[in-house]
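The structure appears below as structure tokens.
The values are calculated or read from the model by the stated rules, or taken from the named source; none is laboratory data. Since we're looking at a predicted model, the values are computed, not measured. So basically every Cβ, Gly included, is an ideal-geometry build from the backbone, and we count neighbours across all protein chains shown.
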Amino acid sequence: MLAALLLVGVWIVTYWLWPAPDRIVNDAGITFGEAAEVERAEPAPREPESPRPTPPSRPEPEPEPEPVIEPEPEEERSGVIPPRFEEYVVDERDTIATISERFFGSPDEWRIVARANPLVDINRLRVGQRLLIPVDPDNIQGVPVGPEAEKPPAAPEPEYFEYIVARGDTLSAIAHRYYNRSSDWRLILDANRDTITAPEQIRPGMRLRIPPASRRAGEEG
């Protein structure tokens with residue numbers, strides 16, 4: 001009992017005589033309570049740092065263009081393009097000039113028909129005779145392909161064509177058939193002076209020499 005009383009007395013003396021914790025002053029002159037508040041105080045905000053300047057970006061190097069590889073030229077192959085023909089049956093009033101005009105637009109192109117039919121006498125066509133008409137006038141005997149290709153020589157021009165006079169023929173009509181001009185009948189008359197001396201002297205079955213159209217052009221020049 002006595003011990004308990006002593007403890008109570010010590011506690012009372014300590015409480016009233018010992019200074020409070022918040023009043024204890026440290027060496028800096030700050031009490032423990034103020035020190036705690038200083039420690040709990042938030043630090044002052046820092047001033048924002050100015051952004052650092054961004055260094056200029058270096059331009060990316062342009063890609064080098066890829067080299068253009070040109071294809072090597074192909075070697076020309078040698079060979080021959082075969083010709084193509086269509087067949088024509090000679091009619092009663094056909095001549096080499098009328099046939100060439102029908103297929104190639106001019107009687108002066110008779111050489112095309114002559115070259116395509118080397119075994120045919122173009123001055124003496126017969127009714128029912130079959131002729132080969134080239135589809136491509138530039139390809140009659142085959143066109144060579146390659147670096148050494150050469151165009152075949154043209155067929156030689158005959159001195160005259162032969163024409164057999166039919167019923168109803170006149171020199172003007174024959175001239176128009178061969179030259180596309182009736183006024184060229186004198187050219188036919190001059191080529192047959194040994195047989196006729198006037199246009200009205202021609203008779204059916206008579207054979208006349210017809211000069212080529214190139215000779216007519218030469219006389220006009």
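Overview of results
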{"quantity": "Subset of segment 171-186 that is surrounded by fewer than 20 Cβ atoms within 10 Å (Cβ to Cβ) and out of contact with any Ser or Thr (no Cβ under 9 Å at 6 or more places or on another chain) - its residue that is nearest to Trp110 (Cα to Cα)", "calculated": "Arg181"}
{"quantity": "Subset of segment 112-131 that is part of a loop (DSSP other than H, G, I, E, B) and among the hydrophobic types (A, V, I, L, M, F, W, C) - its residue that is farthest from Met206 (Cα to Cα)", "calculated": "Leu119"}
{"quantity": "Residue satisfying all of: in segment 139-184; more than 44 Å from the chain's Cα centre (by Cα) and among the hydroxyl-bearing types (Ser, Thr, Tyr); modelled with the lowest pLDDT among these", "calculated": "Tyr160"}
